[in-house]
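The values are calculated or read from the model by the stated rules, or taken from the named source; none is laboratory data. None of these values were measured; they are calculated from a predicted model. Here the Cβ positions follow ideal geometry from the backbone for every residue, glycine too, while neighbour counts run over all protein chains shown. The area values use the complete protein model at the heavy-atom level, side chains included, leaving out ligands, DNA and RNA. Shrake-Rupley method; radii C 1.70, N 1.55, O 1.52, S 1.80 Å.
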Amino acid sequence: MSLIEIIAAVCGAIAVWLTTRQHILNWPIGLVQVALYVFVFYEAKLYSDMVLHVIYVVLQFYGWYNWLHGGKNNSVLRVSRLTPTQLWAAVTIVLAATCIWGYLIGRFTDAELVYPDAFIAMASLASQWLMTKKKLESWWGWIIVDVIAVGVYLAKDLTVTAILYGLFLVLAVIGERAWRRSLTTAVAPI
């Protein structure tokens, strides 16, 4: 456990809580979190997670912009759902990408827990992309990722991060419920 991991975890908890409330400040606070976790995961030799967090830096900027201007007529984006076809496509892509990335990272690096780490990375990418689009199903992805991530991070002695992902799991359930309600009500104030 390092000071960087603790600061990143605190920022992450705040960012996800703000996301459950559809508050725009989740994006800049999340940016601090993901930038710090690049270093945490490099030190832990969880390279899939490290690369994932580099990509998250870009997605933080995109999500921030899209939530403000991605709705109709350049307005605030509202929560919506995937079609069944889009959902199955997302699941298929995540599973295929996990197999490919897991093989590559296992073959060409000294990474540990290769396939669980690869799944966390690929499912997180898909969930984050869906989050930037305010898709309700993003929370389902996060719930699955958080369950697996807790085990991986405990195995790697990243206790603070495992606790954070346990908190993320609780927040993902809260977020899914809140976003589901917002499908039929007005969007929470930003």
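Here are a few things to note about the model shown:
- The conditions of being modelled with pLDDT of 95 or more, out of contact with any strand residue (DSSP E or B) (no Cβ under 8 Å at 6 or more places or on another chain) and over 21 Å from Ala13 (Cα atoms) are met by Ile100.
Residues are listed down the side, and each one gets a yes or a no for (1) assigned to a loop (DSSP other than H, G, I, E, B); (2) open to solvent by 20 Å² or more (accessible area, probe 1.4 Å); (3) at pLDDT 90 or above:
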| site | (1), (2), (3) |
| --- | --- |
| Ile6 | no, yes, yes |
| Thr19 | no, no, yes |
| His23 | yes, yes, yes |
| Trp27 | no, no, yes |
| Val32 | no, yes, yes |
| Leu36 | no, yes, yes |
| Met50 | no, yes, no |
| Val54 | no, yes, yes |
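- When Leu130, Leu104, Leu82 are screened for being open to solvent by 20 Å² or more (accessible area, probe 1.4 Å) and touching a Gly at 6+ places or on another chain (Cβ under 8 Å), only Leu130 passes.
- Of the residues Leu68, Leu77, the single one that is closer than 20 Å to Glu176 by Cα and more than 15 Å from the chain's Cα centre (by Cα) is Leu77.
- Yes/no for Thr98 being among the polar types (S, T, N, Q), open to solvent by less than 20 Å² (accessible area, probe 1.4 Å) and touching a helix residue (DSSP H, G or I) at 6+ places or on another chain (Cβ under 7 Å): yes
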